[in-house]
Amino acid sequence: MRFFMTELTVKSLDTSMAWYQALGFEVNTYDAPNCFALLTDGNGGRLALKQGAPKPGGCLLHFQVAKLPPGDVKTSPEGYQRVIIEDPDGHTVCLFEWTKTSSKTAALK
């Protein structure tokens, strides 16, 4: 078994594609007639966007970044800092950066 992607239902496909592209995703597949887009992050991560009635709150997306944007930065005892933001449909997105390396976190980088 291999994890393939995460899919989010979004109100506006164009708005959400632009928002996730600003985070660094690239559009891999754009199927306008079926209101679907598949975005990739260049590291094997995939995010599918399907236009419909969003229901935020079902998942928390985590993206590792080189530098956190300004915001309400929280520090975790696990060795990272994070900022929580929301996409245009209210889906919760966590941007994080490692602050220290342990034997466990080194394997995740």
Cβ contacts < 9 Å: first residue of a type in the set (Ser, Thr, Tyr), restricted to segment 50-75; second residue modelled with pLDDT under 90, any location; separation 6+ or different chain. Result? 75/99
Filter pass, residue 23 being surrounded by 15 or more Cβ atoms within 10 Å (Cβ to Cβ) and out of contact with any Gly (no Cβ under 9 Å at 6 or more places or on another chain): yes
Filter result (among the small types (Gly, Ala, Ser), out of contact with any Leu (no Cβ under 7 Å at 6 or more places or on another chain) and under 12 Å from residue 8 (Cβ atoms)) within segment 23-52: 52
Which residue pairs have Cβ atoms closer than 7 Å, lie 6 or more positions apart in sequence or on different chains, and pair a first residue in segment 76-91 that is of a type in the set (S, T, N, Q) with a second residue that is surrounded by 12 or more Cβ atoms within 10 Å (Cβ to Cβ) and in a strand (DSSP E or B)? 76/82; 81/74; 81/96; 81/97
Can you name every residue in segment 36-54 that is over 16 Å from residue 90 (Cα atoms) and either surrounded by fewer than 14 Cβ atoms within 10 Å (Cβ to Cβ) or basic (Lys, Arg) (or both)? 42, 43, 44, 46
Do you know which residues across segment 55-87 are surrounded by 12 or more Cβ atoms within 10 Å (Cβ to Cβ), within 16 Å of residue 24 (Cα to Cα) and not β-branched (Val, Ile, Thr)? 61, 62, 63, 64, 68, 87
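The values are calculated or read from the model by the stated rules, or taken from the named source; none is laboratory data. As the structure is a computational prediction, the values presented were derived from the model and not from experiment. Please note: Cβ atoms are built from the backbone with ideal geometry, for glycine as well, and neighbour counts cover all protein chains shown.
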